[in-house]
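Rule-based calculations on the coordinates, nothing more; no lab input. Because the structure is a prediction, the values reported are computed rather than measured. Neighbour counts run over all protein chains shown; Cβ positions are idealised from the backbone, glycine included.
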Number of protein chains: 2
Amino acid sequence: MPSAEVPDIVVGRLPIYLRALAFMAAAGQEITSSHELGQKLGISSAQIRKDLSHFGEFGKQGTGYRISHLQEQIKRILKVSQEWEVALIGIGDLGHAVARYNGFKNRGFHIALLFDNDPAKIGTRLGDLEVLDAARLKETLAERQIKIVMIATPAGDAQSVADTCIEAGVKAILNYAPISLTAPEGVRVQHLDPVAYLQWMTYYL
Amino acid sequence: MPSAEVPDIVVGRLPIYLRALAFMAAAGQEITSSHELGQKLGISSAQIRKDLSHFGEFGKQGTGYRISHLQEQIKRILKVSQEWEVALIGIGDLGHAVARYNGFKNRGFHIALLFDNDPAKIGTRLGDLEVLDAARLKETLAERQIKIVMIATPAGDAQSVADTCIEAGVKAILNYAPISLTAPEGVRVQHLDPVAYLQWMTYYL
DNA sequence: TAGATTGTTAATCGATTAACAATC
DNA sequence: TAGATTGTTAATCGATTAACAATC
């Protein structure tokens, strides 16, 4: 029974399920069960079934889930059936790596715009994209109606870049800069902080 | 009252607190309160006090928390008061960016070893480190008693690299490769998957 | 002192799990 | 059919919040 009020934490697990399903599909597997999926992810089978039940019925009693079908459905739920155009701001080492990262392909995103404020970088090409002048960030994002950006600038620039993006109508920010960003209601920010994960793990060492 | 059984989710918030405290400290601030910290992070003040109470008493009634002291205490709890030596395996675009990332400094980690299996890369230098031959990964990690590695290899190599690291005694793996890794009990794996975050955010668009 | 904020208790809220009828 | 697995309900478990005495 689909509901309007799906817990945040449930939505957050859907990309994990999607990743595991893609892995199985790549190995040629066609069917899986909540039990198998749960074992792979260290999650109970009941939780997987419960999570999915927030959105509908995707399996078959006695059989399990058809992987390709479940992938399609979860992609639809997450709105990544079609590809989103994403802008990347800050083309330093990290930005380069992000721009060349092949993990976006077929997962709902493609990098459509690159920005930097360094005259030495503006106008250069990276893959089949030209690095644009960050001075025109706001106008360009608004024109192209970009809703999602990734920020890979130095820490000191990240907040003002974020502010500009938000003014241009951006609603989701993935922040690679080592700094906490603040954003108004209605704009989602995720911080990709490798050190936070490392620190978490060292607690248990 | 410190307890032996601190919930995982509480430990996971400590690095976030630490990051916010570092930000305040960098701005010259000396004192904060659970209320202020909570507002910055979108967390209730009660939760912050409750979280900290698992480990001890770090504040002063009527005043709040001395930032430098709280930082020290949380670092001690997370075992990042001293720096851990970390190995980085896979020196492609992403590995380069990780190696040059300045966010590790002063947060409990430093990259001590670089590995790749490409003869063209082995022996070259990156900063003040030489890229070592991944063929000797296991021996070298064991000799140096490395407990933490970051994997930035292509997806196809990541699991076997992880297995080798685990055989060498590694207990914590930060995985940048776009693939789910499996590891035995006692080894912690964190997957740094930017696309999972993007997919989570698009749900709300 | 008066005001503020901690650490902690108890109450509330929400998420996870166990169990099972339905059914493929 | 017999076996397996779903989707869902109810019970359990755990985390968050509200409230407040203690006290700086």
**Item:** With eigenvalues of the C-alpha gyration tensor scaled by 5 and rooted, the protein assembly as shown, Å
**Value:** 30, 27, 27
**Fill in**
Here, B:S81 and B:Q39, labelled 7 Å along Cα→Cβ, have an inter-label distance in nm of 3.3
**Prompt:** Taking the Cα atoms of the range B:84-198, what is the range of coordinates along each of the three principal axes, in descending order and whole Å?
**Reply:** 32, 32, 31
**Message:** With 10 angstrom as the radius, rank A:F115, A:F109, B:F58, A:F55 by how many other C-beta atoms surround their C-beta, starting from the fewest.
**Reply:** B:F58, A:F55, A:F109, A:F115
**Asked** Per the helix-only calculation at 222 nm, which mean residue ellipticity applies to chain B, given -39500 (n - 2.57) for every DSSP H run of n ≥ 4 and division by its residues, nearest 500 deg cm²/dmol?
**Response** -13000 deg cm²/dmol
**Message:** Along the charge dipole of the protein assembly as shown, pointing to its positive end and built from +1/-1 on Cβ of Lys, Arg, Asp and Glu, which listed residue (B:Q159, A:A26, A:L37) has its Cα farthest out?
**Reply:** A:L37
**Prompt:** Tell me, what is the FRET efficiency for B:N102 and B:A142 to the nearest 0.05, using R0 = 30 angstrom and their Cβ-Cβ distance as r?
**Reply:** 0.55
**Request:** Find the centroid of the Cα atoms in the range B:2-52 and in the range B:90-152, then give the distance between the two in whole Å.
**Result:** 32
**Request:** Express in whole angstrom the spacing between the alpha-carbon centres of the range B:173-205 and the range A:54-78.
**Result:** 21
**Item:** In order through the range A:28-33: 3J(HN,Hα) via Karplus (6.51 cos²θ - 1.76 cosθ + 1.60), integer Hz, x for Gly, Pro
**Value:** x, 6, 10, 10, 9, 10
**Request:** In debye, nearest 20, what is the charge dipole magnitude of chain B about its Cα centre with +1 on Lys and Arg Cβ and -1 on Asp and Glu Cβ, if you could check?
**Result:** 780
**Complete:** The Cα radius of gyration of chain B, divided by 2.2 N^0.38 Å with N its residue count, comes to 1.17
**GluC sites (Glu not before Pro) within the range A:40-143: DSSP coil, no more than 13 neighbouring Cβ in 10 Å** = A:E57
**Prompt:** What pairs from A:K60/A:K147; B:K79/B:K105; A:K40/A:K75; B:K40/B:K147; A:K60/A:K171 go past 27 Å between their alpha carbons?
**Reply:** A:K60/A:K147; B:K40/B:K147; A:K60/A:K171
